[in-house]
Structures are given as C-alpha cells and as structure tokens.
Amino acid sequence: MKKQFILCLLFIPFIVNAQHTIKGDVKKNTTNFTVYLKEFTNYNWIVLDSTVVNKNKFEFHIADNDKLIYIDTKDNPDFYIKLYNVKGTTNIKFNLANNTYSLKGTEKNEGLSKYEHFIKPYYQELDKLTKQKPKILNPSKFTPEEQEAYYKHFLLEKAVKNKIDIAKFKFIEQNKKNAYTKILIAEKLKSTFKEEDYDVLEKFYSDLELIDKNSENGQKLASFLREYKNVKIGAKVADFSLTDVNETKQTLYKNLEKYTIIDFWASWCAPCRKENPNVVALYNKYKDKGLNIIGISLDNDKQKWINAIEKDQLSWLQLSDLKGWNEPLLQTFKITSIPKTIILDKNGVIIAKDLRGDELENKLKELFK
C-alpha cells in the first residue's frame, strides 16, 4: 500500500503540468498508424510524444508553453497539423480524403485554423509555381533563352508572394477579434516593409492599437511611412541636379516634358542592358508626342558608362556623378535595386513606378492615347 502511494505521488507532477489536451479525430481512415507530436527548437525537430491512431482517434497530454507544435506521421507526408501548445483542450478533425483539418476548443488555435484555411490557396499557388521553376542545364553557361525564362518565372513568383502579403493584411483587417490576428500583426511588424505595399501598410498602421504603434517595430513602420510618403505614387518629387556626359550640371525640372521617365541603370547591370532595346523603341515611338527619358547611372567608371550609352544607342539625357551605390538620390527615392523606373508628369508628380517590358509599353500607350 505504501509503495502504491509513493508511485501515485510520482505521477502527480505530470498530472498537474499536463495542461494541454489534444484530441484527434481522423475521418476517412481505414488503418491504425502512429502520429508524432513535435516541436522545432534550435533548428532541430524534437519528438515530444507519439501515439497510435486507434479507431480513428488519438490523444496527447502535454504541459502548455504557448509555442507552436506539430503533429505528423511517417505513413502519410500530407498528414501535417500545426497548432499552439496552449492551456485547454484542442479538438482536431483531420480528413484524409483531402488532407484538411480544423482546430476547435482553444481560442488561439481556432484563430490559427481560420487563418490557415484562408491562406492555404495562396501558398498552393506558390508551391505549384515553384515546381515549375525553369531548370538551368549548365549554370556556367546561362543561355539568353534560359535567362529570359528564369526572369519571367522570377516575376511570376514575386507577384504571387506579393498576393500572399496583401492577403495577410486582408485577413488582419477582416478578423480584428481573431486571437491569431494579434500574432499576425506582430509578424508583419517584424517583416521587411515594401514600397509597393505602402497604401495597405498605411491603413494597417492606422488600424493598430496604441500599444502596437508605440512598440519598437510599430515605430519603425511609422518611420517607413514618413520616409516613403514623399516618393510614393501621387507625390511631387523635389528638384535635383546631376552631371551629364559633358560634365554640365542638369536639373530635373528644366528637363521635364509632358511625361518623363527617370531610368536608374548602370553599364554593369545585365537586366538594365537587356531592357534598353525596348526602352529605345518606346522612346523613338513617343518622343515627338512629349515623352522624355532621363537616365541616371550608378556607374563609377565614366568610360564604361559612355561606352554602354553608345553601344545601346541611348539618345536621351544621361546623368551621373559616378558615385555608384553612394549616389544620394538612391536614398531620396528609396532605391535598393536596379533597373528602376519612375514616371513623372509635367509637374514632377509620380504617376507610375517600376514598369518594364509590356507593362511600360501599355502604360505609355495609355498616357499618349
């Protein structure tokens, strides 16, 4: 009797600490299989527990710690569940017919489940596109055809990733009382703010609670919005001056036409050089209708800059102080990569940005119709 009492005492700590109960119900299942409860810590998967799905049911008991945990199996790579290890009982329903699941019973996990269901189609689109990535047969011999295919795929992938970012903001806006939304807000505040997301970020910031606005990352977002306010579409740019190929100072406002493209490029920039024939054709088509282009180079070597101008037959105004990436205008316009295009109207107001190829052609067609 004494031994039994001591044995019971040994189990008390586990009973007290087992504050999260996970109950699983597997639909469309015909066999028993083992599932594993895991945690990803220090770049390693740690198995916390395992159990057998018996009569389509499984159950775990674990001390809660508010961390993300995962349930999977070696028998089915599509059986994958993500949830938070929170106090209470989380009920999981997993359908093997389509490998979908829902979480009920704990507020944070219900919020996560709703978000995962909302965002899944976007990630499926990205996953499908990733599998279609062009193969490079010989990396040391990157053919023009491979380069073009690779670049087109890059743009498509970038567009889908941007859709995912916008979708996350949409979820936040539509689910302000969702327990997971708070986590998503913190995640977005820690992420890199992108210029193309300015408008949605502006609304996102205005909807934040004061505690989030005053957080370190909230203040970073506020600073980002202040800096980009002067270079977003609709803003009027400040005048500036740079040196042309004849070492004459030229100012922006003295060279504005009906529409003016500021084209940031460099002789060493392969995508820039690849785009130049298209820009030349568009310039020749619309220059008599009021199009001007001002090329701003990030070159350091004047001769290489001039050689590239002549080789690519760039007949419009070319400017550079030959400072490379130390050119102050890069900070003014928040430029981190090239090629970069900014279209201004006759008053110096930004009406479009980052257009190339068909997008640039269609925009000019619209402006000069």
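The values are calculated or read from the model by the stated rules, or taken from the named source; none is laboratory data. Since the model is a prediction, treat every value here as computed from it, not as a measurement. Cβ: placed from backbone, ideal geometry, glycine included. Neighbour counts: every protein chain shown.
Do the conditions hold for ASN217, that is, is it part of a helix (DSSP H, G or I) and polar (S, T, N, Q)?
yes
Applying the selection to segment 70-85, what residues are touching a helix residue (DSSP H, G or I) at 6+ places or on another chain (Cβ under 8 Å) and surrounded by fewer than 20 Cβ atoms within 10 Å (Cβ to Cβ)?
LYS82
Quick test of your reading of the structure: GLY105 fulfils all but one of (1) at positive phi; (2) of a type outside the set (Phe, Trp, Tyr); (3) in contact with a helix residue (DSSP H, G or I) (Cβ under 6 Å, 6 or more places away or on another chain). Name the failing condition by number.
All conditions are met except number (3).
From the residues in segment 238-267 that are within 27 Å of the chain's Cα centre (by Cα) and not charged (D, E, K, R), which one is surrounded by the most Cβ atoms within 10 Å (Cβ to Cβ)?
It comes out as TRP265.
Out of TYR123, TYR151, report the one residue that is farther than 19 Å from ASP66 by Cβ and in contact (Cβ under 8 Å) with a residue 60 or more places away in the chain.
Being farther than 19 Å from ASP66 by Cβ and in contact (Cβ under 8 Å) with a residue 60 or more places away in the chain holds for just one of TYR123, TYR151, which is TYR151.
Only one of these conditions is not met by LYS135: (1) within 21 Å of the chain's Cα centre (by Cα); (2) not in a helix (DSSP H, G or I). Which number is it?
Looking at each condition in turn, LYS135 falls short on (1).
Being part of a loop (DSSP other than H, G, I, E, B) and either in contact (Cβ under 8 Å) with a residue 60 or more places away in the chain or among the basic types (Lys, Arg) (or both) is the filter here; which residues of segment 349-369 pass it? Don't jump to the end; show me each part of the working.
The initial filter retains those residues of segment 349-369 that are part of a loop (DSSP other than H, G, I, E, B), namely 354-356, 368-369.
Within segment 349-369, ASP354, ARG356, PHE368, LYS369 meet the criteria.
Out of (1) under 22 Å from the mean Cα position of the chain (by Cα); (2) closer than 12 Å to GLY348 by Cα; (3) not in a loop (DSSP other than H, G, I, E, B), what's the single condition that is false for ILE233?
So ILE233 meets the others, but not (3).
Condition first: closer than 18 Å to ILE342 by Cα, of a type outside the set (Lys, Arg) and in a helix (DSSP H, G or I). Now tell me which residues in segment 265-276 satisfy that.
Hits for segment 265-276 are PRO271, CYS272, GLU275, ASN276.
Every residue in segment 319-360 that is of a type outside the set (Gly, Ala, Ser), over 24 Å from TRP305 (Cβ atoms) and modelled with pLDDT of 95 or more, please.
Answer for segment 319-360, where residues must be of a type outside the set (Gly, Ala, Ser), over 24 Å from TRP305 (Cβ atoms) and modelled with pLDDT of 95 or more: ASP345, LYS346, ASN347, VAL349, ILE350, ILE351.
Would you confirm, using the coordinates I've provided, whether LEU208 is assigned by TED's automatic domain parsing to the domain that holds GLN147, assigned to a loop (DSSP other than H, G, I, E, B) and under 25 Å from the mean Cα position of the chain (by Cα)?
yes
Suppose we filter PHE94, PHE79, PHE154 for residues that are hydrophobic (A, V, I, L, M, F, W, C) and outside the structural domain of ASN56 (by TED's automatic domain parsing); which single one remains?
PHE154
Assuming ALA159 fulfils every condition listed in (1) more than 30 Å from PRO277 (Cβ to Cβ); (2) surrounded by fewer than 17 Cβ atoms within 10 Å (Cβ to Cβ); (3) not polar (S, T, N, Q) apart from one, which condition is it?
(1)
Based on what the data block shows, is LYS188 part of a helix (DSSP H, G or I) and either on the phi < 0 side of the Ramachandran plot or touching a His at 6+ places or on another chain (Cβ under 7 Å) (or both)?
When the stated conditions are applied, LYS188 passes them.
Every residue, every condition in (1) free of Cβ contacts under 8 Å to residues at least 60 places away in the same chain; (2) under 24 Å from PHE142 (Cα atoms), yes or no:
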residue	(1), (2)
ILE262	no, no
TRP265	no, yes
CYS272	no, yes
ASN276	yes, yes
ASN284	yes, no
ILE296	yes, no
LYS304	yes, yes
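Provide a single number: the residues in segment 191-203 that are among the basic types (Lys, Arg) and at pLDDT 85 or above.
So the answer is 1.
What number of residues in segment 162-181 are in a helix (DSSP H, G or I), surrounded by fewer than 16 Cβ atoms within 10 Å (Cβ to Cβ) and free of Cβ contacts under 8 Å to residues at least 40 places away in the same chain?
5
I'm checking my understanding of the structure. Among residues of segment 277-314 that are among the polar types (S, T, N, Q) and surrounded by 14 or more Cβ atoms within 10 Å (Cβ to Cβ), which one is farthest from TYR259 (Cα to Cα)?
If we take residues in segment 277-314 being among the polar types (S, T, N, Q) and surrounded by 14 or more Cβ atoms within 10 Å (Cβ to Cβ), then ASN300 is farthest from TYR259 (Cα to Cα).
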